[in-house]
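Let me begin by presenting the structure, written as structure tokens, before commenting on it.
Please treat every number below as a calculation from the coordinates, not as lab data. Everything numeric in this text was worked out from a predicted model, so none of it was measured. Glycine gets a Cβ as well: all are built from the backbone with ideal geometry, and neighbour counts include every protein chain shown.
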Amino acid sequence: MASVTSLTDLVSEQLTSALSATRPEASADPLLRRSDRADFQANGILALAKKAKANPRDLATEVVSRITTGDVIKDVEVSGPGFLNITIADRALVENLAARYADDTGRLGVPLAEKPGVTVIDYAQPNVAKEMHVGHLRSAVIGDALRGMLDFTGETTIGRHHIGDWGTQFGMLIQYLLEHPGELAPPSEVDGEQAMSNLNRVYKASRAVFDSDEAFKERARKRVVALQSGDKETLELWQQFVDESKVYFYSVFDKLDMEIRDEEIVGESAYNDGMPETARLLEEMGVAERSEGALVVFFDDIRGKDDQPVPLIVQKADGGFGYAASDLTAIRNRVFDLRATTLLYVVDVRQSLHFKMVFETARRAGWLNDDVTAHNMAYGTVLGADGKPFKTRAGETVRLEDLLDEAVQRAAEVVREKAKDLTEEEIQER
Ligand code: ARG
């Protein structure tokens, strides 16, 4: 059996023909959305009414009168300024599922993409030497699900875990480790939890010296320079932090039953070598310009306080590169070396302005265009009762591992309560 027509498509077809029967001159998209009130909501009538200079509610009523309810659409009613709330017949749902179940090709009636492309999907990107938090869980889970769906359509997917593995904080960490050798155990000798607790201990201890000892602070600054200039001993110590962190990352992803491939862990630092070239290209093309010594890109529609333009900083006045330069260089790599046709970034909505600026810059440079597109699949931040990012009572962000452990424990309680005949082992398995 080939593909099964989705209920969305069936409803969409019916609405489109009702819309064009009502206003033959205008081609209108019914704009079907999921809804809390019904199975679908159609918002397209508002735009149609605007075009036809008609009253949206009257138009909606007219459209409704042309929809035959029955087999698929059980009920349709006008709501609000001219939305349609649509309810699907139970029978249609059951029959659609049955048809998919009967698909003996194992594809559940889902067609393969007509023109599959290459999608590079940037997800599950924790930071080195830092505890993972709820946001990292969401990126991992959403990204993994999206990837699975794309794979199923025949798309070629390449994962990129853009871990935070670079920055000035490594000067402090490395310098501390140099002065206190042996504080990080060899990665092969620790499990995830020990790895994270070692990293936390080193982080806290180095921070304390950094904040109280001026001479150490200066040594840490010099260490940043050594790291950036590729000093061998410094890089080796940096690698220890990365490796120790990976032990921890893998233990968490394992808990999530998620497969993460080592070759797809390509962190910010992987793009260091390409950043000067990125800056040169952008400046030569006139996409980026010098402003107060820094190399920046301006946007007409992005403004901050006092209507001042907010630029994207490609290179700082001191010559340093940051997060944006790494992302722009990653785009060149993903488009020209990996030959991606779609770039997806599963990253918290708080970074969407960053991505808006990065994508627009890449479009101006011609690295992105109508055929090669980039999208921030933004998800919301988990907030606490105070409306601020979720924290523990002690004011720390909630550790992802604690959250996962608590989820398993609470689920076990529910199962234990309901299924009294299960052994403890079976309960844990559930
Ligand atoms: N490591 C970053 C964070 O924890 C997320 C990286 C997102 N990906 C990217 N290409 N910028 O905030």
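Let me check I've understood the local charge: for L404, count other residues with C-beta under 14 angstrom from its C-beta, Lys and Arg +1, Asp and Glu -1. What total comes out?
Numbers: positive: R138, K255, R399, R410; negative: E131, E193, D254, D257, E401, D402, D405, E406.
Neighbourhood net charge equals -4.
Straight-line reach from K420: which aspartates and glutamates fall under 19 Å, measuring Cα to Cα and dropping same-chain residues less than 8 apart?
E429
When you have a sec, figure out the Kirkwood radius of the chain from all distinct Cα pair distances and drop it here in Å to one decimal?
On the way: mean 1/r = 0.0386 Å⁻¹.
After inverting the mean inverse Cα-Cα distance, the result is 25.9 Å.
Would you mind counting up the charge near A195? Only other residues with Cβ under 10 Å from its Cβ, with Lys and Arg at +1 and Asp and Glu at -1. Kindly include the intermediate steps, with their values, before the conclusion.
On the way: positive: K246; negative: E189, D191, E193, D243, E244.
So the surrounding residues net to -4.
What is the distance, in nm, between label points placed 7 Å from the Cα along the Cα-to-Cβ direction at A47 and at D103?
2.8
Count the net charge of all other residues whose Cβ sits under 14 Å from the Cβ of D90, scoring Lys and Arg as +1 and Asp and Glu as -1.
Neighbourhood net charge equals -2.
Please turn the phi angles of region 160-176 into ³J(HN,Hα) values with the Karplus equation 6.51 cos²θ - 1.76 cosθ + 1.60 (θ = phi - 60°), one per residue in order, whole Hz, x for glycine and proline.
Using θ = phi - 60°, the values come out as 9, 9, 7, 6, x, 10, 8, x, 5, 4, 6, x, 5, 5, 5, 4, 5 Hz.
Identify all aspartates and glutamates with a Cα-Cα distance to K50 below 13 Å; exclude those on the same chain that are fewer than 8 residues away in sequence.
D58
Counting only helical runs of four or more DSSP H residues, what would the 222 nm mean residue ellipticity of the chain come to if each run contributes -39,500 (n - 2.57) and the total is spread over all its residues?
-14500 deg cm²/dmol
Below 8 Å, C-alpha to C-alpha, sequence gap of six or more: please give me the relative contact order for the chain in percent.
Contact order relative to length: 13 percent.
Given contacts defined as C-alpha pairs under 8 Å and at least six residues apart, what's the relative contact order of region 320-430, whole-number percent?
Working: 81 pairs, mean separation 23.4, N = 111.
Rounded, it is 21 percent for region 320-430.
Excluding residues fewer than 8 places away in the same chain, name every one of the lysines whose C-alpha is closer than 27 Å to that of K232.
Straight-line reach from K232, under 27 Å: K130, K204, K217, K222, K246, K316.
Roughly how big is region 1-47's charge dipole about its Cα centre, with Cβ charges of +1 (Lys, Arg) and -1 (Asp, Glu), in debye to the nearest 20?
120
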